[in-house]
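These notes are about the structure you will find just below.
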């Protein structure tokens, strides 16, 4: 008989989620994308590939884009996490959403949450956004529908 595979015991993890102090008990090795979608009901972030290739699951952790499919719950301890659901809570987020819609950069919408969060991080850095810089910043976010032109237009 083979030995059972050990699992990590649930632990209490504290972090700020979309501006709210959050404490939850979960296995520390649980993927953040699963925690957000299944445990917290925040389904805006999408799992496209599960291997960090597509960017559909992009969230902001301490203001920087991170892939929720590659992060573990334990990595959230003490951090500030923002998901696409938070964008309506502040002017910057609303501007990003409005720009994506106005430019026609949303088609099937699957990549939109990751694109929006990555764009928000670029806007917050305060650097001038050139088309080349936007393309480089969004290079980790894949889109099969738009051809990127309208997405870059929106970010610009």
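Numbers below:
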quantity: Scope the stretch 20-56; condition over 14 Å from residue 68 (Cα atoms), exposed (fewer than 12 other Cβ atoms within 10 Å of the Cβ) and touching a residue at least 12 places away in the same chain (Cβ under 8 Å); matching residues; calculated: 25
quantity: Leading residue by the ranking (surrounded by the fewest Cβ atoms within 10 Å (Cβ to Cβ)) among those in the stretch 4-19 that are out of contact with any helix residue (DSSP H, G or I) (no Cβ under 7 Å at 6 or more places or on another chain) and within 26 Å of residue 120 (Cα to Cα); calculated: 14
quantity: Unique residue being farther than 16 Å from residue 45 by Cα and outside the structural domain of residue 31 (by TED's automatic domain parsing) when the list is 105, 74; calculated: 105
quantity: Subset of the stretch 10-26 (residues that are outside any strand (DSSP E or B) and at pLDDT 95 or above); calculated: 18, 19
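The values are calculated or read from the model by the stated rules, or taken from the named source; none is laboratory data. Worth saying up front: this structure is predicted, and the values here are computed from it rather than measured. Positions of Cβ are generated from backbone atoms using ideal geometry, with glycine treated the same way; all protein chains shown enter the neighbour counts.
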